[in-house]
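Undergrad: The following block contains the structure, expressed as structure tokens.
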Amino acid sequence: MLDGKHIILGITGGIAAYKSAMLARLLVKAGAEVQVIMTPAAKEFIAPLTLSTLTGNPVISEFFTANTGEWHSHVDLGLWADAMVIAPATASSIGKMANGIADNMLITTYLSAKAPVFVAPAMDLDMMAHPSTARNLSYLRSYGNHIIEARSGELASHLVGKGRMEEPENIVAYLEVYFSRHNDLTGKHVMITAGPTYEKIDPVRFIGNYSSGKMGYALAEEAAKRGARVTLVSGPVSTSVSHPSISVVRVESAVQMLAAATKAFADADVAILAAAVADYAPAEPSEHKIKREGNEPPEIRLVKNPDIAATLGQLKKDGQHLVGFALETDNEMANAADKLKRKNLDMIVLNSLKDEGAGFGTDTNKITIIDRDGTAVSSSLKSKKEVATDIFDHIIAKF
């Protein structure tokens, strides 16, 4: 699964850096192209020449090459990589990663990375057990990083406890498992709707909702990471995506979203309707700004917007899979199950505004996935990136 993959191997200044030579060798043996980035302190523990010889690529440590002034672009490296592995990751570097302290080439590249990041901590047991380390690792998890847990054993201090970097063979195995799971949409087309719709009252006012689009955008990034070609039909949001396999179609109204979603759905394998589409729109939006002075408050007659989920449910062909979302405030399970059946969905993702940290505008969500057969799987409050992973794991398992 690593054959042809581009791997950044980040090495920080800890005694476990000696294991990084074997890790680099195993990655190359598995078919990966490896680019090593070392912190200045890491060079005190292992020579760059060793790693350059093993990988066949010059080691990068500084922002500029001495004497020539050649600039090493952390942005280009972040786009090049299919994965970034930081092993060993010291307490200092973990703290910098968690708090965005970009004072060396490795941390700057981490902050620019678009690929999944794997962190293998290594430090003495007291540092490992310190509350600040636990907090920083928790931050990294919440950002979507993968933590390859340290092991217990004899440490450099000759004390025995948790803090040993995972063995290189096991780190490679971890990556193999990840890529075997996350290449499962290669060759597939996934269409996702995200964000709100704005229904014009006049040129400056609209009917809308508080959707930020974060859930739909997280789903788009996850689908692209798994190898899919993604069409993201997005209402007006400030959120953005960076993966080159994601094509964003910008829309404003429900009518526009229906047209774009219907077009993309024609050859989609999976469609996920995460947008919060306005149910109603003004029947006769004004072409001019409605003035308050000298006028009574206008009466706005509303009409129903098209039902995008029901429309796509009718158009769905054999081999296509349609996933809906339901944001409920009461009778959540019953309402979501009813929506699934009425709109011919294959699966529905339920979230409730009663759950703190779920719903519009948050970076977290708490969901229940309901299948056509009535089975339901609930999860705890997680980051929307983690929720996106859970949803696609479920889609792959079912479809």
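Undergrad: Kindly provide the helix-only [θ] at 222 nm of the chain, computed as the sum of -39,500 (n - 2.57) over DSSP H runs of four or more divided by all residues, to the nearest 500 deg cm²/dmol?
TA: It comes out at -10000 deg cm²/dmol, rounded to the nearest 500.
Undergrad: On to the next question. Could you work out the mean projected area of the convex hull around the alpha carbons of segment 288-390, in square nanometres to one decimal?
TA: About 10.3 nm², averaged over all directions.
Undergrad: Projected onto the charge dipole of segment 243-293 (+1 at Lys/Arg Cβ, -1 at Asp/Glu Cβ, origin at the Cα centre), which of Gln256, Ala274, Ser286 gives the Cα projection farthest towards the positive end?
TA: Ser286
Undergrad: Calculate how many DSSP beta bridges within segment 285-399 are antiparallel, expressed in % of all such bridges and rounded to the nearest 5.
TA: 60 percent
Undergrad: Also: If you average the sequence gap of Cα pairs under 8 Å that are 6 or more apart and divide by the length of segment 315-391, what percent do you get for the contact order?
TA: Reported relative contact order: 23 percent.
Undergrad: Could you report segment 298-360's accessible area per residue, 1.4 Å probe, as an integer in Å²?
TA: Here the per-residue accessible area is 56 Å².
Undergrad: Of Met165, Val204, Tyr178, which is farthest along the charge dipole of segment 162-216 in the positive direction, counting Lys and Arg as +1 and Asp and Glu as -1 at C-beta?
TA: Val204
Undergrad: Shifting gears a bit: Spin-label point model (7 Å from Cα, Cβ direction): what's the Ile396 to Ile101 distance in nm?
TA: Computed distance between label sites Ile396 and Ile101 equals 3.6 nm.
Undergrad: Which of the three applies to segment 92-189, rounded, prolate or oblate, going by the alpha-carbon gyration tensor with a ≥ b ≥ c and a/c under 1.5 meaning rounded?
TA: Oblate is the answer for segment 92-189, as a/c is 1.5 or above yet b/c matches or exceeds a/b.
Undergrad: OK, next. So if I place +1 on the C-beta of Lys and Arg and -1 on the C-beta of Asp and Glu, and nothing else carries charge, what would the dipole magnitude of the chain be about its Cα centre? I want it in debye, nearest 20.
TA: Charge dipole of the chain: 300 debye, to the nearest 20.
Undergrad: Averaging sequence separations of C-alpha pairs under 8 Å and six or more residues apart, then dividing by the length of segment 106-231, give the relative contact order as a whole percent.
TA: Reported relative contact order: 21 percent.
Undergrad: How high is the relative contact order of the chain, given as a whole-number percent (alpha carbon pairs under 8 Å, six or more residues apart)?
TA: 11 percent
Undergrad: Net charge around Ala228, counting only other residues with Cβ within less than 11 Å of its Cβ (Lys, Arg = +1; Asp, Glu = -1)?
TA: 0
Undergrad: Another question, if that's okay. Which FRET efficiency value, to the nearest 0.05, do you get for Lys341 and Ser242 by plugging their Cβ-Cβ distance into 1/(1 + (r/R0)^6) with R0 = 45 Å?
TA: E between Lys341 and Ser242, to the nearest 0.05, is 0.75.
Undergrad: Kindly identify segment 334-399 as rounded, prolate or oblate by the Cα gyration tensor criterion: order the square roots of the eigenvalues as a ≥ b ≥ c, call it rounded if a/c is under 1.5, otherwise compare a/b with b/c, prolate if a/b is larger, else oblate.
TA: It comes out oblate by the Cα gyration axes.
Undergrad: How do 381-391, 286-296 rank on mean C-beta neighbours within 10 Å, highest first?
TA: 381-391, 286-296
Undergrad: Another question about this same structure. If you put +1 on each Lys and Arg Cβ and -1 on each Asp and Glu Cβ, how big is the dipole of segment 182-335 around its Cα centre, in Debye rounded to 20?
TA: In total the dipole reaches around 500 debye.
Undergrad: Per-residue counts of other Cβ atoms within 10 Å, averaged by peptide: what ranking do you get for 297-303, 148-154, 124-130, highest first?
TA: Taking the mean over residues of other Cβ atoms within 10 Å, the ranking is 124-130, 148-154, 297-303.
Undergrad: Still on this model: Net charge around Gln256, counting only other residues with Cβ within less than 12 Å of its Cβ (Lys, Arg = +1; Asp, Glu = -1)?
TA: Overall, the nearby charge balance is +1.
Undergrad: Could I ask something else about it? Angle, helix 131-142 long axis vs. longest principal axis of the chain, Cα atoms, 0 to 90°, nearest 10?
TA: Its long axis makes an angle of about 50 degrees.
Undergrad: If the cut-off is a Cα-Cα distance under 19 Å, which aspartates and glutamates reach Lys384, setting aside same-chain residues fewer than 8 apart in sequence?
TA: Glu221, Glu222, Glu328, Asp355, Glu356, Asp363, Asp393
Undergrad: Another question, if that's okay. Between Ala41 and Ser142, what FRET efficiency comes out of the Förster formula 1/(1 + (r/R0)^6) with R0 = 25 Å and r the beta carbon distance, rounded to 0.05?
TA: About 0.40, to the nearest 0.05.
Undergrad: Could you calculate the FRET efficiency of Glu299 with Asp279 from 1/(1 + (r/R0)^6), where r is the beta carbon distance between them and R0 is 22 Å, rounded to 0.05?
TA: 0.70
Undergrad: Please name whichever of His74, Pro58, Ile46 sits farthest to the positive end of the charge dipole of segment 7-116, dipole taken about the Cα centre and charges placed at Cβ: Lys and Arg +1, Asp and Glu -1.
TA: Checked the options; the winner is Ile46.
Undergrad: Which pairs, out of Lys263/Lys339; Lys5/Lys316; Lys289/Lys385; Lys29/Lys398, put more than 30 Å between their alpha-carbon atoms?
TA: The pairs that break the limit, which is 30 Å between Cα atoms, are Lys5/Lys316; Lys289/Lys385; Lys29/Lys398.
Undergrad: Pull up the cross-link candidates among the lysines for Lys43, meaning alpha carbon to alpha carbon under 20 Å and not fewer than 8 places away within one chain.
TA: Cα-Cα hits under 20 Å: Lys19, Lys96.
Undergrad: Another question about this same structure. Could you tell me the center-to-center distance, by alpha carbons, between segment 95-136 and segment 286-323 in angstrom?
TA: A separation of 46 Å, based on Cα centres.
Undergrad: For the pairs Lys114/Lys162; Lys200/Lys291; Lys200/Lys225, flag any whose C-alpha to C-alpha distance is greater than 25 Å.
TA: Lys114/Lys162; Lys200/Lys225
Undergrad: Once the Cα atoms of helix 384-398 and of the chain are each reduced to a long axis, what angle between those two axes, in degrees from 0 to 90 to the nearest 10, is obtained?
TA: Around 80 degrees separate the two axes.
Undergrad: Now, a different point. What is the sum of charges, Lys and Arg at +1 and Asp and Glu at -1, for the other residues whose Cβ falls under 9 Å from the Cβ of Gly153?
TA: +2
Undergrad: Compute the angle between helix 214-225 and the longest alpha-carbon principal axis of the chain, please, reported from 0 to 90 degrees and rounded to the nearest 10.
TA: 50 degrees
The values are calculated or read from the model by the stated rules, or taken from the named source; none is laboratory data. All values reported here derive from a predicted model rather than from experimental measurement. Neighbour counts are summed over all protein chains in view; Cβ atoms, including those assigned to glycine, are modelled from backbone coordinates with ideal geometry. With ligands, DNA and RNA removed, areas are computed over all heavy atoms of the protein, side chains included. Shrake-Rupley method; radii C 1.70, N 1.55, O 1.52, S 1.80 Å.
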